[in-house]
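Read through the structure below, which is laid out as structure tokens, and then see the notes.
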Amino acid sequence: VQLQASGGGLVQAGGSLRLACAASWPTFNNNALGWFRQAPGKEREFVAGIGRAAGNILYSDIVKGRFTIARDNAKSTVYLQMNSLKPEDTAVYYCAGRTSVYVGRLASSYDYWGQGTLVTVSS
């Protein structure tokens, strides 16, 4: 299984970015995907996740209402649309895959990880 994250970059506060995570995963459609982030000097934290079913979506309270996660099973890709970005959203963002149909918040419950993409939000 391989996960390839992309879409990071430099954006001003209030701006938007869309991250994508392309998977090479034969059973992609039947597994949960998540986005995590890690800022310098901080622990990796859960951002958003999506399960197999369309309604199985979780967001961290910090990003709820600003970020949207979605999946395109035909393309084996999961997206994270990030709006109203803040300087505190600056981090390396990782996509992760879980061998479960249900989304989870714990990084330890994910089995596969992408390489990360850097998001920098300037004030």
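Laboratory data are not the source of any read-out in this text; all were calculated from the coordinates shown. In this text the structure is predicted, and so the values were computed from the model without any measurement. No Cβ is skipped: glycine too gets one built from the backbone with ideal geometry, and neighbour counts run over all protein chains shown.
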For this session: Determine the gain in length on full extension of the stretch Asn73-Leu10; use 0.36 nm per residue of separation and subtract their C-alpha separation, reporting nm with one decimal.
Result: 19.9 nm
Problem set entry | Percent of Cα-Cα distances greater than 19 Å, calculated over the chain | 39 percent
Exercise. Working out 0.36 nm times the residue gap between Thr120 and Leu106, then minus their Cα-Cα distance, what length gain in nm do you get to one decimal?
Worked result: 2.6 nm
Problem set entry | Sequence-distant aspartates and glutamates (8 or more away, or on other chains) whose Cα lies within less than 13 Å of Lys64 | Asp89
Problem set entry | Radius of gyration and maximum dimension Dmax of region 21-91, Cα, Å | 12.8, 37
For this session: Calculate the translational D of region 53-123 in whole µm² s⁻¹ from Stokes-Einstein, where the hydrodynamic radius comes from the Kirkwood formula applied to all Cα pairs, the temperature is 37 °C and the viscosity 0.692 mPa s.
Result: 242 µm²/s
Seminar exercise, completed: Diffing region 87-92: the Karplus 3J(HN,Hα) column from phi (6.51, -1.76, 1.60, θ = phi - 60°), in whole Hz with x for Gly and Pro, holds x, 6, 7, 4, 4, 8
Exercise. Which residue, Ser16, Ser76, Ser108, tops the fluctuation ranking in a GNM of the chain built on C-alpha contacts under 10 Å?
Worked result: Ser108
For this session: Given the peptides 22-32, 92-102, arrange them by the average over their residues of other C-beta atoms within 10 Å, most packed first.
Result: 92-102, 22-32
Exercise. Which FRET efficiency value, to the nearest 0.05, do you get for Thr99 and Arg66 by plugging their Cβ-Cβ distance into 1/(1 + (r/R0)^6) with R0 = 22 Å?
Worked result: 0.15
Problem set entry | region 37-75: trypsin sites (Lys or Arg not before Pro) in DSSP loop, at most 14 other beta carbons within 10 Å | Lys42
